[in-house]
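A.B. asks: Sharing a structure below in structure tokens format, with a few things to ask.
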Amino acid sequence: MELFLKYPNEVQRELLHVLLETAKNTEFGKNYDFASIRNYEEFKERVPLRSYEDYESMIERNRLGENNIFWPTSIKWFAKSSGTTSAKSKFIPVSQESLEDCHFAAGKDLLCMYLNNNEDSQLFTGKSLRLGGSKELYKENGTSFGDLSAIIIDNMPFWADFSSTPSSEISLMSDWEFKMKAIVNETIQENVTSLAGVPSWMLVLLNEVLEATGKESLFEIWNNLEVYFHGGVNFDPYRDQYAKILPKNSFKYYEIYNASEGFFAIQDHNDSSELLLMLDYGIFYEFIPMDTYGTPNEKVIPLSDVEIGKNYAVIITTNAGLWRYQIGDTIRFTSVNPYRIKVSGRTKHHINVFGEELIIENAENALRKTTKVTDSEIVDYTVAPIFMKGKEKGAHEWVIEFKKSPKNLKEFGLILDQNLQNVNSDYEAKRYNNTTLNMLKVQEARKGLFYDWLKMNDKLGGQHKIPRLSNTRTYIDELLTLNEVNSFSS
């Protein structure tokens with residue numbers, strides 16, 4: 001870590017050369033003549049950006065047993081991912097190199113950073129409660145596919161199981177609802193010192209633990225609990241709910257940024273909201289400034305050219321054979337010495353129907369401020385446009401499931417609208433005198449609506465997330481059909 005902190009851009013340039021040299025005799029490497037690429041500029045000019053759809057046929061050939069297509073070593077594992085919204089499954093290649101040098105290395109680094117910052121930690125006197133995905137590993141044509149968490153658990157050394165709960169047998173169960181009950185029954189008997197999992201699903205589990213034990217605080221069950229390692233979704237909408245069931249100021253939260261495609265960044269200080277970009281996990285980074293994304297003037301830049309405060313789409317080249325692959329996430333740099341980031345959203349999950357450029361970071365910032373003022377708590381939400389009809393202007397429609405409802409839903413909507421204007425000048429301009437956008441509309445979801453929607457779409461489990469923002473009404477209309485509508489509109 002000291003090496004890439006001191007020489008970040010040199011480490012990245014050398015890594016690119018290593019990846020090109022390693023894969024020069026693959027089918028992909030020969031097609032683009034990797035052997036003759038001498039620098040980043042030539043790599044950028046010669047190898048096109050790719051989405052999953054561009055990779056799909058090669059990945060399918062790989063899954064059927066062909067090797068040396070885009071990576072020289074045999075790939076046996078594929079992380080099955082539906083993304084946030086797509087019903088179509090993606091199969092992301094996981095090589096032995098990415099498993100060892102990226103995912104496992106990141107787990108070790110995370111623990112090392114945490115222990116370095118907390119010398120009095122008693123982490124290893126107990127167990128880590130891990131909440132992974134809900135799919136088992138399925139064998140197909142000599143290869144395996146399943147949730148990334150299932151692949152990692154299945155490949156862990158036997159001794160790692162001793163420091164984790166629930167057991168691998170329960171962790172890999174495919175029936176999510178049955179699995180949750182089994183996890184509760186097993187873990188309440190253990191000395192749990194840490195938690196690891198996606199905030200939304202972990203909160204469901206922890207509330208079931210409290211219900212099963214009749215306790216109000218998790219410290220009454222696990223008095224040595226000291227840290228929660230979380231990632232996958234923005235933690236801010238859940239922060240207040242966690243504070244209520246973990247009411248100790250000394251309790252720590254550590255954020256990670258990983259995906260099926262790789263492990264990217266880790267919180268490296270206590271009480272920090274920034275993540276250190278990890279530059280030596282076999283991943284070469286490039287970025288597209290979002291103000292050029294999808295336009296004729298779209299440009300791609302290396303890490304050395306990024307600027308603080310700008311929003312970027314992330315492009316990765318990895319030691320599992322993903323070349324200039326668009327992962328669909330957006331980030332913002334908070335520091336360039338060292339390179340620290342915040343995850344700001346998804347390239348596909350924003351609303352820009354009326355030129356308002358609303359991103360997830362804006363929405364969750366405004367939502368957090370609104371719940372604080374109105375003394376309310378949120379379980380889940382989604383937002384979509386109300387399209388213009390005739391002379392009627394457009395608007396945004398929010399479906400929100402509350403754990404604690406605001407006293408006045410109309411007032412909640414007014415405050416939310418004002419907070420959105422405060423954090424997004426484009427939204428503010430479109431809302432000025434209702435120029436383009438009318439007042440937003442809030443629909444209160446019945447209890448369990450989002451859970452039922454995920455279940456209906458076979459998306460229960462730690463790898464699946466609610467689509468937050470969308471430029472279409474596909475998801476919101478499905479949810480409204482399921483819902484008994486309580487609405488407010490101005």
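The values are calculated or read from the model by the stated rules, or taken from the named source; none is laboratory data. Predicted model, so just to flag it, every value in this text is computed and none were measured. All Cβ positions, glycine included, derive from the backbone under ideal geometry; neighbour counts span all protein chains shown. Heavy atoms of the whole protein, side chains included, go into the accessibility calculation; ligands, DNA and RNA do not. Shrake-Rupley method; radii C 1.70, N 1.55, O 1.52, S 1.80 Å.
A.B. asks: With label points built 7 Å along Cα→Cβ from the Cα atoms of residue 240 and residue 61, find their separation and express it in nm.
C.D. replies: Calculated label separation equals 5.4 nm.
A.B. asks: Quick one, can you get me the convex hull of the C-alpha atoms of the chain expressed as volume per residue in Å³?
C.D. replies: With only Cα atoms used, the chain gives 152 Å³ per residue.
A.B. asks: For residue 25 and residue 54 in the same chain, what is the full-extension length gain: residue separation times 0.36 nm, less their Cα-Cα distance, in nm?
C.D. replies: Extra length available between residue 25 and residue 54 comes to 8.4 nm.
A.B. asks: In the stretch 336-379, which residues have a backbone nitrogen under 13 Å from the label point lying 7 Å from residue 5's Cα in the Cα-to-Cβ direction?
C.D. replies: 337-340
A.B. asks: Probe radius 1.4 Å, ligands and nucleic acids ignored: give me the carbon and sulfur share of the accessible area of the chain as a rounded percent.
C.D. replies: 47
A.B. asks: Round to a whole angstrom and tell me the spacing of the C-alpha centers of the stretch 1-76 and the stretch 404-427.
C.D. replies: Using only Cα atoms to place each centre, the spacing works out to 46 Å.
A.B. asks: Okay, moving on. What shape does the stretch 104-240 take by its C-alpha gyration tensor, where a ≥ b ≥ c are the square roots of the eigenvalues and a/c under 1.5 counts as rounded, a/b above b/c as prolate, and the rest as oblate?
C.D. replies: Note, shape of the stretch 104-240 comes out oblate.
A.B. asks: Starting at the first residue of the stretch 155-171, write each ³J(HN,Hα) from the Karplus equation 6.51 cos²θ - 1.76 cosθ + 1.60 with θ = phi - 60°, in whole Hz, x for Gly and Pro.
C.D. replies: 9, 5, x, 4, 5, 5, 5, 5, 9, 10, 9, x, 5, 4, 4, 6, 4
A.B. asks: Could you check the simple spin-label distance between residue 372 and residue 160, using points 7 Å along Cα→Cβ, in nm with one decimal?
C.D. replies: According to this spin-label approximation, the distance is 3.8 nm.
A.B. asks: For the stretch 362-370, what does the Karplus curve 6.51 cos²θ - 1.76 cosθ + 1.60, with θ = phi - 60°, yield as ³J(HN,Hα) per residue in whole Hz, taken in order and with x for Gly and Pro?
C.D. replies: 4, 4, 6, 5, 5, 5, 4, 5, 5
A.B. asks: What distance in nm separates the simple spin-label points at residue 481 and residue 300, each placed 7 Å from Cα in the Cβ direction?
C.D. replies: It works out to 3.9 nm between the two label points.
A.B. asks: Beyond 19 Å, what share of the Cα-Cα pairs of the stretch 380-459 remains, rounded to the nearest whole percent?
C.D. replies: So the pairs more than 19 Å apart make up 44 percent of the total in the stretch 380-459.
A.B. asks: I've got another one for you. Where does the charge balance sit around residue 272 when Lys and Arg score +1, Asp and Glu -1, over other residues with C-beta under 11 Å from its C-beta?
C.D. replies: Overall, the nearby charge balance is -1.
A.B. asks: Work out, step by step, the length gained on full extension between residue 273 and residue 455: first 0.36 nm times the residue separation, then minus their alpha carbon distance; give nm to one decimal.
C.D. replies: 62.3 nm
A.B. asks: Relative contact order for the chain: what percent, with Cα pairs under 8 Å and sequence separation of 6 or more?
C.D. replies: 13
A.B. asks: Lys and Arg at +1, Asp and Glu at -1: add these up for the other residues within a Cβ distance under 11 Å of residue 429 and post the number.
C.D. replies: -2
A.B. asks: When the Karplus curve 6.51 cos²θ - 1.76 cosθ + 1.60 is applied with θ = phi - 60°, which whole-Hz ³J(HN,Hα) does each residue of the stretch 104-114 get, with x for Gly and Pro?
C.D. replies: My calculation for the stretch 104-114 gives 5, 4, 5, x, 5, 5, 4, 5, 4, 5, 4 Hz in order.
A.B. asks: A further question on this structure: Would you mind checking which residues have amide H under 5 Å from residue 336's amide H? H placed 1.01 Å from N; only 5 or more apart, or other chain.
C.D. replies: Under 5 Å from the amide H of residue 336: no residue qualifies.
A.B. asks: Now for a separate question. Treating cross-link reach as a plain straight distance, find the aspartates and glutamates whose alpha-carbon is under 15 Å from the alpha-carbon of residue 24, omitting any fewer than eight places away in the same chain.
C.D. replies: 33, 42
A.B. asks: If amide hydrogens are placed 1.01 Å from N in the peptide plane, which non-local residues have theirs closer than 5 Å to the one on residue 439?
C.D. replies: So residue 439 has HN proximity to no qualifying residue.
A.B. asks: Also, quick follow-up: Between residue 411 and residue 220, how high is the FRET efficiency from 1/(1 + (r/R0)^6) when r is the Cβ-Cβ distance and R₀ = 25 Å? Nearest 0.05.
C.D. replies: 0.10
A.B. asks: Give the long-range amide H neighbours of residue 144: residues separated by 5 or more places, or on another chain, with amide H under 5 Å away, using H modelled in the peptide plane at 1.01 Å from N.
C.D. replies: Those qualifying (amide H under 5 Å, at least 5 residues apart or on another chain) are 77, 78.
A.B. asks: Which of rounded, prolate, oblate describes the stretch 287-343, given a ≥ b ≥ c as roots of the alpha-carbon gyration tensor eigenvalues and a/c under 1.5 marking rounded, otherwise prolate only if a/b is larger than b/c?
C.D. replies: Note, shape of the stretch 287-343 comes out oblate.
A.B. asks: Can I ask one more? If the viscosity is 0.890 mPa s and the temperature 25 °C, what translational diffusion coefficient in µm²/s does Stokes-Einstein give for the stretch 230-327 when Rh comes from Kirkwood over Cα pairs?
C.D. replies: 158
A.B. asks: Once every DSSP H run of n ≥ 4 in the chain is given -39500 (n - 2.57) and the sum is divided by its residues, what mean residue ellipticity at 222 nm do you get, rounded to the nearest 500 deg cm²/dmol?
C.D. replies: Using -39500 (n - 2.57) per qualifying helix, the result is -9500 deg cm²/dmol.
A.B. asks: Still on this structure, please answer the following. Nearest 5 percent is fine: what portion of the DSSP beta bridges confined to the stretch 192-319 is antiparallel?
C.D. replies: If we restrict to bridges inside the stretch 192-319, about 65 percent are antiparallel.
A.B. asks: OK, next. Using the Cα gyration tensor of the stretch 1-112, with a ≥ b ≥ c the square roots of its eigenvalues, what is the shape: rounded (a/c below 1.5), prolate (a/b larger than b/c) or oblate (neither)?
C.D. replies: Oblate is the answer for the stretch 1-112, as a/c is 1.5 or above yet b/c matches or exceeds a/b.
A.B. asks: Per 0.36 nm of contour for each residue apart, how much would the distance between residue 117 and residue 336 grow if the chain were fully extended, relative to their Cα-Cα spacing?
C.D. replies: 76.7 nm
A.B. asks: Given the options 18, 482, 193, identify the residue whose Cα lies farthest towards the positive end of the charge dipole of the chain (+1 on Cβ of Lys, Arg; -1 on Cβ of Asp, Glu).
C.D. replies: 482
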